[in-house]
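Note sheet for the following structure.
The values are calculated or read from the model by the stated rules, or taken from the named source; none is laboratory data. Everything numeric in this text was worked out from a predicted model, so none of it was measured. Don't worry about glycine lacking a Cβ; one is built from the backbone with ideal geometry, like all the others, and counts go over all protein chains shown.
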Amino acid sequence: MNQSVRRVVSLLILAFPLLTSAGPKEDVAAATQAWIDAMTSHDVERVLALYDSEAVVWGTRSPKLADSPEAVRGYFNVLRTVPPSYKAVLGEQRIRIYGDVAINTGTYTFSEVRDGKDIVRPARYSFFYRNRGGRWLIVDHHSSASPQ
């Protein structure tokens with residue numbers, strides 16, 4: 001094997017882990033996209049699986065803080081009543097990692113069709129994640145309607 005081929009092969013071997021492994025920011029982005037996908041699926045259990053057992057949710061349309069697993073479930077039970085057209089779309093996001101804690105702040109939009117009318121509700125969010133056993137789980141979720 002000539003010297004040039006050895007160098008190329010060595011570089012590929014050294015670079016391979018960088019090409020195949022996502023970093024924590026990418027993992028948090030994937031966890032946030034999983035939340036968006038779960039909301040769009042209208043599957044309450046799929047959404048709840050993304051939350052830590054100690055999670056707190058201050059929902060966009062909630063007058064009170066959901067601060068227990070039962071209260072978080074109660075908040076997301078609304079997904080059982082949304083029309084099939086209901087969906088969530090992720091907008092911009094800013095992810096910061098601090099060891100086993102991450103913060104993702106950004107925007108999302110909820111939309112649906114009711115009585116033939118398009119309803120679009122842009123909102124902003126802050127998700128605080130904790131890495132537990134290699135999984136980024138939501139421990140604090142705040143959402144509010146975006147100003148007009």
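Quick one: what pairs do we get from the range 111-140, first residue part of a loop (DSSP other than H, G, I, E, B), second not β-branched (Val, Ile, Thr), C-beta under 9 Å, 6+ apart or different chains?
Within 9 Å, the pairs are Gly134/Asp27.
Across the range 64-83, which residue is surrounded by the fewest Cβ atoms within 10 Å (Cβ to Cβ) among those that are in a loop (DSSP other than H, G, I, E, B) and among the hydrophobic types (A, V, I, L, M, F, W, C)?
Leu65
Just a yes or no: is a residue in the range 84-107 in a helix (DSSP H, G or I), in contact (Cβ under 8 Å) with a residue 40 or more places away in the chain, touching a strand residue (DSSP E or B) at 6+ places or on another chain (Cβ under 6 Å) and under 27 Å from Gly23 (Cα atoms)?
No - not one qualifying residue is present in the range 84-107.
Among the residues of the range 24-39, are any hydrophobic (A, V, I, L, M, F, W, C), outside any helix (DSSP H, G or I) and surrounded by 15 or more Cβ atoms within 10 Å (Cβ to Cβ)?
For the range 24-39, residues hydrophobic (A, V, I, L, M, F, W, C), outside any helix (DSSP H, G or I) and surrounded by 15 or more Cβ atoms within 10 Å (Cβ to Cβ): absent.
Please go through (1) at negative phi; (2) modelled with pLDDT of 95 or more for Pro63 and return the number of the only condition it doesn't satisfy.
For Pro63, the failing item is (2).
Can you confirm whether Ser146 is farther than 25 Å from Asp27 by Cα and touching a residue at least 24 places away in the same chain (Cβ under 8 Å)?
yes
Just name the residue that is surrounded by the most Cβ atoms within 10 Å (Cβ to Cβ) out of those in the range 127-148 that are under 20 Å from Val78 (Cβ atoms) and among the polar types (S, T, N, Q).
Among them, the one singled out is Ser143.
Given the structure, is Ile97 in contact with a Pro (Cβ under 6 Å, 6 or more places away or on another chain) and either exposed (fewer than 14 other Cβ atoms within 10 Å of the Cβ) or at pLDDT 95 or above (or both)?
Yes, satisfied.
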